[in-house]
1. Considering only residues that are of a type in the set (Gly, Ala, Ser), under 17 Å from the mean Cα position of the chain (by Cα) and surrounded by fewer than 16 Cβ atoms within 10 Å (Cβ to Cβ), which ones fall in the stretch 73-104?
2. Residues Ala164, Ala204: which one is in the same structural domain as Leu248 (by TED's automatic domain parsing) and either under 22 Å from Ala123 (Cα atoms) or in a helix (DSSP H, G or I) (or both)?
3. When both residues are 6+ apart or on different chains and their Cβ atoms are under 8 Å apart, which pairs have a first residue that lies in the stretch 273-291 and is of a type in the set (Phe, Trp, Tyr), and a second that is in a helix (DSSP H, G or I)?
4. Within the stretch 179-214, track down each residue that is among the charged types (D, E, K, R) and over 15 Å from Leu274 (Cβ atoms).
5. Scan the stretch 222-234 residue by residue and report those that are modelled with pLDDT of 95 or more, surrounded by fewer than 17 Cβ atoms within 10 Å (Cβ to Cβ) and not acidic (Asp, Glu).
6. Could you check Val176 against (1) part of a helix (DSSP H, G or I); (2) crowded, with 17+ Cβ neighbours inside 10 Å and say which number it fails?
7. For the stretch 191-206, what are the residues that are free of Cβ contacts under 8 Å to residues at least 40 places away in the same chain and in contact with a helix residue (DSSP H, G or I) (Cβ under 6 Å, 6 or more places away or on another chain)?
8. Could you tell me which residue of the stretch 105-118 is surrounded by the most Cβ atoms within 10 Å (Cβ to Cβ), considering only residues that are of a type in the set (A, V, I, L, M) and in contact with a Leu (Cβ under 8 Å, 6 or more places away or on another chain)?
Amino acid sequence: MGRLAALLGVLIAGAAMAAPGAAAAPPGKAAVPQRICSVSLMGDELLFLLVPPERVACVSTFADDVEASNVAGRYPATVPRLVARTEPVIATRPDLIVAAPWNDRSFLAGLKALGLRSLTLDAAEDFDGIERTLLALGIAVGAEEQARARAAELRARLAGLERALSRAEPLKRPRVLSLSHLVVAGSGTTVDALIRHAGAVNAAAAAGIAGHRKLSTEQILALDPDVLLLGQGLDTDAASVLRAYPHLGATRAAKSGRVILLPPRLLTTVSPFLVEGAEQLARKLHPEAFP
């Protein structure tokens with residue numbers, strides 16, 4: 001407790017000193033944060049799109065995960081990579097801590113109890129939700145104009161994807177099942193949004209499955225998707241997945257060779273990078289729309 005109190009003292013002292021180039025906040029308005037600490041991959045990716053790295057005091061330990069992260073290697077080595085624990089986070093002297101709903105509840109409660117300025121981002125379920133989260137964070141970090149510009153880029157790419165797919169009308173929308181260790185993504189997930197914007201039907205959502213749910217091989221066979229969508233890790237290919245789950249070979253997707261691999265970082269992201277996953281999937285499903 002003594003160490004924590006000492007760290008809090010350092011934090012308070014640091015907060016009393018304006019960061020170089022930081023403008024004073026008007027009365028009643030919070031100062032624009034200059035030392036932002038992100039403790040989730042969602043925050044890491046969103047901050048990368050909004051602020052220069054010199055304003056980032058820490059990122060999560062997932063930031064450099066080449067399979068899961070869309071910002072691997074993008075932050076300087078001088079930016080600490082931290083887990084969501086109070087003491088190491090406070091040691092970075094943050095003036096804003098950006099968290100995610102899935103961060104440890106005791107950690108989030110601790111930030112509140114200590115009176116530390118923090119923002120817990122909303123978990124997005126689709127592109128609209130991603131845009132709302134992006135704008136909320138942009139406002140919180142004094143980068144609203146940049147956030148709106150990034151949101152406009154996202155909408156432009158989605159519109160471009162829609163135009164491309166319209167050239168392939170009448171569009172045959174295959175039933176796609178996203179699968180990871182027998183866990184499928186149903187409605188109310190960003191994977192569902194990715195599949196729909198790629199010109200396909202989410203087989204799990206069409207069967208009434210909501211959220212992420214683990215199914216038996218029998219249940220997956222009953223869904224019998226036209227296409228299997230898998231995350232391609234560094235040591236993963238379609239054949240290895242089918243060997244691990246041989247029953248999947250009985251699906252029409254496997255029989256017809258329609259097993260599509262995408263980088264996991266594009267299937268798990270809840271940031272604007274999701275649009276890249278939709279674009280890649282659309283090109284694989286509808287090559288005729290992208291001459």
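1. Passing the criteria: only Gly73.
2. On the way: Ala164 fails: in the same structural domain as Leu248 (by TED's automatic domain parsing).
Only one candidate passes the filter, namely Ala204.
3. Phe273/Glu45; Phe273/Arg265; Phe273/Leu266; Phe290/Ala164; Phe290/Ala282; Phe290/Arg283
4. Looking only at the stretch 179-214, we keep the residues that are among the charged types (D, E, K, R), and these are 192, 196, 213-214.
Those that are among the charged types (D, E, K, R) and over 15 Å from Leu274 (Cβ atoms): Arg213, Lys214.
5. Of the residues in the stretch 222-234, the ones modelled with pLDDT of 95 or more are 222-229.
Checking the rest, the ones that are also surrounded by fewer than 17 Cβ atoms within 10 Å (Cβ to Cβ) come to 222, 224.
Residue satisfying the conditions is Ala222 alone.
6. In the conditions (1) part of a helix (DSSP H, G or I); (2) crowded, with 17+ Cβ neighbours inside 10 Å, Val176 misses (1) alone.
7. As a first pass, look at the stretch 191-206 and keep what is free of Cβ contacts under 8 Å to residues at least 40 places away in the same chain: 196, 201-206.
Within the stretch 191-206, Asn202, Ala203, Ala205 qualify.
8. To start, the set of residues in the stretch 105-118 that are of a type in the set (A, V, I, L, M) comprises 108-109, 111, 113-114, 116.
Pick out the ones that are also in contact with a Leu (Cβ under 8 Å, 6 or more places away or on another chain) and you get 114, 116.
Numbers: Leu114: 14, Leu116: 19.
Selected residue: Leu116.
The values are calculated or read from the model by the stated rules, or taken from the named source; none is laboratory data. Predicted model only: the values in this text are computed from it and were never measured. Heads up, the Cβs are rebuilt from the backbone with ideal geometry, glycines too, and the neighbour counts pull from every protein chain shown.
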